[in-house]
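Worksheet for the structure shown next.
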Amino acid sequence: MDKKQSILQALLAYAGKKKVLTYLSMVISGISQLLALVPFLYIWAILRDVLAGDNSRIAHYGWMAVAFALASIVFYVGALMCSHVSAFRIAANMRKTLMAHIMKLPIGFLDSLGSGKVRKWVQESTQSTETYLAHQLPDKAGMYATMAGLAVLMFLFDWRMGLLCLATVLLAIIVMFTMMTGPTLRRKMAEYNKALDAMSNEAVEYVRGIPVVKTFGQSVFSFKRFKAAIDQYKDWVIAYTLDLRLPMTLYTMLVNASFAVLIALTLFVLKNGTYSPEFLLDLLYYIIITPSIAVTLNRIMFASENEMIVAEALDKTGRILSLDPLSDPADARLPEDNEIRMDNVRFRYPEADRFAVDGVSLTVRPGEKIAFVGPSGGGKTTTASLIARFFDVTEGAITLGGVDIRHIRKKDLMDRISFVFQDSRLLKTSIFENVRLGRPDATREEVLDALHRAQCDDILAKLPEGIDTVIGTEGTYLSGGEQQRVAIARVMLKDTPVVILDEATAFADPDNEARVQQAFTEMAARGKTLIMIAHRLSSVTGADHIFVLDEGRVTECGSHSELLEKGGKYASMWKQYVESIKWNIK
C-alpha cells in the first residue's frame, strides 16, 4: 500500500464500478444510526407525560419509537447490502490480482517465503479486507454519526448535565487514542502479525513433517522452530497485555463514569434543595442515553484496531505485488541444443547472510545422467532450481544450448525442462486429467502409454475406475511413492529433453523405489538429460557424473567408482549409507 494512500483508497482501487456502493453504504449506515437515536426522544416524551399524569399520547409516542427503530433497521440492512456487494467484488479482485501476479513470479518464491505464509497472506488478508468493507466500514461511519447525534442530544435539554457527561467521554477518547494510534501501536501490530505469520508457517511445516515424527518416534520438541514460534507469540501477547493494563483500566473507568457524575450532580442538587420535576425528567433522560456513548466508543476502539489489521494485510499484499516477475526478454532466442552450462554461478536468497550457491561451474551434455549429492543445506535443490529458473542467479550465468536462460521465453524454457518435486501432489481430479496436465492436448492413448512407461500399471489395476478414478473421492488415495510415479508419467507425457528429479524417491517404499528407478531408466533410454538430487546414494551409482555440493560449492566431481577411489567426502557418505542399510531390528 502506498504510504500516501488511505486504507479506503487502497481498497477501492480494486472496486471497479462497485466503488460507489461503498460510499453509499457509509451514508446509509450514518442515516440508520441517526434514526436509531430518535426513539430516545420519544422515550423522554413518554416519561414526561407519565410524570405529568397525561396518558393520552403515550401509545402514539410508543408506536413512533417503534417506527423509527424499524426504519433504522431497514436502512442498516440496505447499507449492508451495498457494502457486501462492493466488499465481495474488492476481495475477489484482490485475490485475482495476487494470484495472477504470483503465477508470474519465480516458482522458488513460494519456497523462500514459505507456502504456509503465502497461503495465509492471500487468503486471510483478502478475508480481513472483506470483513472490514462489508461490516466495519459502514459500522464505523454509523458510529461517527451516532457520536455527532449524541453530542447534539446531550445539549438538547440541560447543557450542564450534557457538559458533565461529555467531559468524562472526552477524557476517555483521549486515553483511547493514546492506545489505538501512533507509531508505537503500529509497530506492536506489525510485531503481532509477524509472530502470527511465523507460527502459521511453522505449523504448516510441522503438519507436513508428522509422518517423519511418527516414523522415528520423536516428540513435538523435535520441531524446535515450531515450538520457538509458539513461545515467541506467547511472550509477545503476554507482554502487550501487561502494557495495556493501566490505560485500558483508565479508559474503562472513564467511559463508564457518566453515571458517577450524574449521581454526584443529583446529590448536590438534593443537598441544596433545588430539586424540581424538570430536573428529574432531564436526569432520567441522561441516565437512559449515556450508556449509548460507552457502547459507541467501544465499537470505535475495536474498529480502529481492525483497521490496523487491514493496513497490515494491505502491506503484505503490497509486498507480494512488489516482487519482480519473471518477464519474457525482448531479445528472446531459442537454444541450439540441450547442453547446460553453469558459469561461476552464485545465488543468495533475499535477506540471507550467505550465498546458498557459491561459485558453481559445471557442464551437462545432452543425454547425460548426472546427480547432485551432499549434506542437507549444501545447495543441491537450489542449484537444480536455478537451472529451471525458479530463481534468477545473483551472479554468473546459466546457459541452455548456448543461450542464457534469462534470454529464453518462459514457455520455451518450460518446453525443454521438467521438474519432479520430492513431494509431488495430485489434484482432486482423475488420474487421466492429472497426467494430461503435462500436455493438455494429449490423447487418451498417449496418457495410457505415459502411465505404462512410468510403471503405473499396478496403480491403475487396483483403482475402481482405472485411469478415470478421481483422487480423494470415496476413500481413494495413493501413497507417496504412487503419487511420484503418476507425477513422473506427467513428465513423460510432456516429453521435455531435460528432466530434473528432486529427491523423487524420498517417500517411496522399496517396491515403489524400484518402480521409480525403472521409470528413470526408461527416460534415460530415450536420450533424456537427467539431473537427479538424492540422499539415497544407491539411486545415483549409475550416473555419468556425480557432483558433491557442500555449503553451496562443488567439492568433488566424478563417477561413482572415481569418487570412491578418491576417498573424499563422497566415499565417506557412501560408507555411512552402506552401514545404514545394514541396520535391522532384532
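How long is the gain from E191 to L323 if the chain were fully straight, where each residue apart is worth 0.36 nm and the alpha carbon distance is subtracted? Each step should come with its number before you reach the end.
Values: separation 132, 0.36 × 132 = 47.52 nm, distance 2.21 nm.
Stretched fully, the E191-L323 segment lengthens by 45.3 nm.
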Pop a pseudo-label 7 angstrom from the Cα along the beta-carbon direction at both I58 and F88 and give the gap in nm to one decimal. 4.7 nm
With label points built 7 Å along Cα→Cβ from the Cα atoms of T476 and A352, find their separation and express it in nm. 4.1 nm
Could you work out how far the C-alpha centroid of segment 152-176 sits from that of segment 338-358, in angstrom? 66 Å
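I need the calculated FRET efficiency for the pair E522 and R425, taking r as the beta carbon distance and R₀ as 25 Å, to the nearest 0.05. Before the final figure, lay out the partial values.
Values: r = 23 Å, r/R0 = 0.92.
The value I calculate is 0.65.
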Around R348, which amide H atoms from residues at least 5 apart in sequence, or from another chain, sit under 5 Å from its own amide H, with H modelled in the peptide plane? A356, T394
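Which shape class applies to segment 358-431: rounded if a/c is under 1.5, otherwise prolate when a/b exceeds b/c and oblate if not, where a ≥ b ≥ c are the square roots of the Cα gyration tensor eigenvalues?
Taking the square roots of the gyration eigenvalues as a ≥ b ≥ c, segment 358-431 is oblate.
Using per-residue counts of other Cβ atoms within 10 Å, averaged over each peptide, order 156-167, 321-332 from highest down.
On the way: 156-167: 16.9, 321-332: 11.8.
The packing order, highest mean first, is 156-167, 321-332.
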Using the Cα atoms of segment 1-154 to build a convex hull, what is its mean projected area in square nanometres? 12.2 nm²
Share, in percent, of DSSP beta bridges within segment 340-581 that are antiparallel, nearest 5: 55 percent
Residues whose built amide H sits under 5 Å from the amide H of D550, excluding neighbours closer than 5 in sequence, are T555
Within segment 1-97, which trypsin sites (Lys or Arg not before Pro) sit in a loop by DSSP and count at most 14 neighbouring Cβ atoms inside 10 Å? K3, K4, R57
Counting just the Cα atoms, what span does segment 340-581 cover along each of its three principal axes? Round to the nearest Å and put the largest first. 50, 46, 36
Which far-off residues, 5 or more places away or on another chain, put their amide H under 5 Å from the one on E339, with H placed in the peptide plane? G401
Need the C-alpha centroid separation for segment 56-97 versus segment 526-584, integer Å. 69 Å
Quick note, segment 349-396: a/c under 1.5 would make it rounded; otherwise a/b > b/c is prolate and the rest oblate (a ≥ b ≥ c, C-alpha gyration tensor); here it is prolate
Which distance in nm do the two modelled labels at E395 and L51 give, with both placed 7 Å along the Cα-to-Cβ direction? 8.6 nm
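For a Förster distance of 51 Å, can you work out the FRET efficiency between the beta-carbons of A100 and Y240, rounded to the nearest 0.05?
Numbers: r = 37 Å, r/R0 = 0.72.
Step by step, r from the Cβ atoms, then E = 0.90.
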Quick calc, V74 & V27: beta-carbon distance into FRET formula, R0 25 Å, rounding 0.05, result 0.95
For segment 169-175, take each phi angle, set θ = phi - 60°, evaluate the Karplus expression 6.51 cos²θ - 1.76 cosθ + 1.60, and give the result in whole Hz per residue in order, putting x for glycine and proline. 5, 4, 5, 5, 5, 4, 5
Per-residue HN-Hα couplings for segment 359-376 [Karplus 6.51, -1.76, 1.60; θ = phi - 60°; Hz; x = Gly/Pro]: x, 7, 10, 7, 10, 10, 7, x, x, 7, 10, 10, 9, 9, 10, x, x, 4
Could you derive backbone 3J(HN,Hα) for segment 119-129 from the dihedral phi with the Karplus parameters 6.51, -1.76 and 1.60 (θ = phi - 60°), listing whole Hz in sequence and x where the residue is Gly or Pro? 4, 5, 4, 5, 7, 6, 5, 5, 5, 5, 5
Let a ≥ b ≥ c be the square roots of the eigenvalues of the Cα gyration tensor of segment 1-70; is it rounded (a/c under 1.5), or, if not, prolate (a/b larger than b/c) or oblate? prolate
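Only the coordinates and a few stated rules stand behind these numbers; no lab work does. Remember, it's a predicted structure, so these values are computed and weren't measured experimentally. In this analysis, Cβ positions are derived from the backbone assuming ideal geometry, glycine residues included, and neighbour counts consider all displayed protein chains.
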